[in-house]
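A short write-up of the structure that comes next.
Nothing in this text is a laboratory measurement; each read-out follows from the coordinates by a stated rule. Here the structure is a predicted model, which is why all the values come from computation and not from measurement. Every residue, glycine among them, receives a Cβ derived from its backbone with ideal geometry; neighbour counts consider all protein chains shown.
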Amino acid sequence: MSVKKIINTLLAKVGYTIKKKPGDLTDKKDFARLANDASKLSEIKVHFGCGPRILKGWVNIDVSYAHYGPYLQFYTDKYYPEAIRGSREDLYIIDLIKDGLPLPDESVDLIFHEDFFEHLTQKQQVIFLAETLRVMKKGAVHRINTPNLVSSMRDNADFSKGKAGVYTGEWDIWEHFSVISPAILEDMATMVGYSRIYFNSKDQSIVAAKLPLEYRPVENDRPAPDSNVFADLVK
C-alpha cells in the first residue's frame, strides 16, 4: 500500500478525506450564496473544516464536499445524530485564506472547528485568526480544538537521541503543517487582537451548550487528557 493510501485510510478512520483540486478552490457560486444567505440569518455560526460532518443550522466551510454516508460508521449517532445532519446546501466551498469571507464585520456569533487549525501553515494561521476576528461580534467565541505539539512530543519523542529521537509523525503521517501548543496559540491570538483566551478540555467550552459534541480526538487516539489544545478565543 502506498504512503498516500495509508494516510487516506488513517484519515478515513476519523471521518475525513483529503481532496485536492488544482487552481482556485473557492466555488464562486457558494461565495456569492453565502453573502446572500448570511444577510437572512438571525444568528451566524460558522464551522470550518467540516469535512463530511456538515452541521444543520451552521455555515459549514471547507474546500471540498463529501457526503456523510460512508463516514457514519465512524461518527455514529452519538457524534452525528440525524437531527444535526446538514446537506450540501449547508456547505460553502470557500478558500478563506485566498479569498476571505463574504461576511460583514462583526456579524458572526460563534466559530467552531476541530482538527483543522494544524492543517494550515503558520502564515495561514495568522491570516485565519485575523479574518475570523474581523467577522466576529464583540464578545463572540471562537472554539479551537487542535493537536498539542508539547504533549505529542512528550508522548512520542526522545530528544536525548537527537535527530533520531524526534517524532515526526505529526507532520509526516497526518499531513499537519503547523502544530501548536497552548502558549503558541495564546501568543498568536493575543497578537491578532482577541481579548481573552480560555483553555479547557473536550466538550468543556464556555459555550458548550451551543456546540455539537466534539468528535476529535476519537477514542484510543491521542488518549492523554492534554493531547489536544482546547481553547475558547473571545473577541
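Over what distance in Å are the Cα centres of the stretch 61-112 and the stretch 137-151 separated?
Each part reduced to its Cα centre gives a spacing of 17 Å.
Among MET136, MET191, MET153, what is the fewest-to-most ranking by other Cβ atoms within 10 Å?
The most exposed by this proxy come first: MET191, MET153, MET136.
Looking at the square roots a ≥ b ≥ c of the eigenvalues of the Cα gyration tensor of the stretch 63-167, which shape do they give, rounded for a/c under 1.5, prolate if a/b is larger than b/c, or oblate?
Note, shape of the stretch 63-167 comes out oblate.
Which loop-located trypsin sites (Lys or Arg not before Pro) does the stretch 38-83 contain, where loop means any DSSP state but H, G, I, E or B and the Cβ has at most 16 other Cβ atoms within 10 Å?
In loop regions of the stretch 38-83 (DSSP not H, G, I, E or B), the sparsely surrounded trypsin sites (Lys or Arg not before Pro) are LYS40, LYS56.
In a Gaussian network model over the chain where Cα atoms closer than 10 Å are linked, find which of LYS137, LYS202, LYS123 has the largest mean-square fluctuation.
Taking springs between Cα atoms under 10 Å, the residue moving most is LYS123.
Between 0 and 90 degrees, rounded to the nearest ten: what's the tilt of helix 28-38 against the longest Cα principal axis of the chain?
Once rounded, the angle reads 70 degrees.
Could you line up HIS113, HIS67 from fewest to most neighbouring Cβ atoms inside 10 Å?
Fewest-to-most ranking of HIS113, HIS67: HIS67, HIS113.
Give me the dipole magnitude in Debye, nearest 20, for the chain about the Cα centre, with unit charges on the beta carbon: positive for Lys and Arg, negative for Asp and Glu.
Approximately 320 debye in magnitude.
Counting each DSSP H run of 4 or more residues in the chain as -39500 (n - 2.57), what helix-only mean residue ellipticity at 222 nm follows after dividing by all residues, to the nearest 500 deg cm²/dmol?
Helices in the chain give a 222 nm mean residue ellipticity of -8500 deg cm²/dmol.
Under the definition of Cα pairs under 8 Å and six or more residues apart, what whole-number percent is the relative contact order of the chain?
20 percent
Filter LYS56/LYS123; LYS28/LYS138; LYS45/LYS235; LYS78/LYS235; LYS28/LYS78; LYS56/LYS137 down to the pairs with a C-alpha to C-alpha distance above 26 Å, please.
Exceeds cut-off: LYS56/LYS123; LYS28/LYS138; LYS78/LYS235; LYS28/LYS78.
For the Cα atoms of the chain, what angle does the longest principal axis make with the long axis of helix 122-135, in degrees from 0 to 90, nearest 10?
Its long axis makes an angle of about 30 degrees.
Note down the Stokes-Einstein diffusion coefficient of the chain in µm²/s, whole number, using a Kirkwood radius over alpha carbon pairs, 10 °C, and 1.306 mPa s.
Answer, rounded: 86 µm²/s.
What do you get for the angle between helix 182-192 and the principal long axis of the chain? Use alpha-carbon atoms, 0 to 90 degrees, nearest ten.
Taking Cα atoms only, the helix is inclined about 40 degrees.
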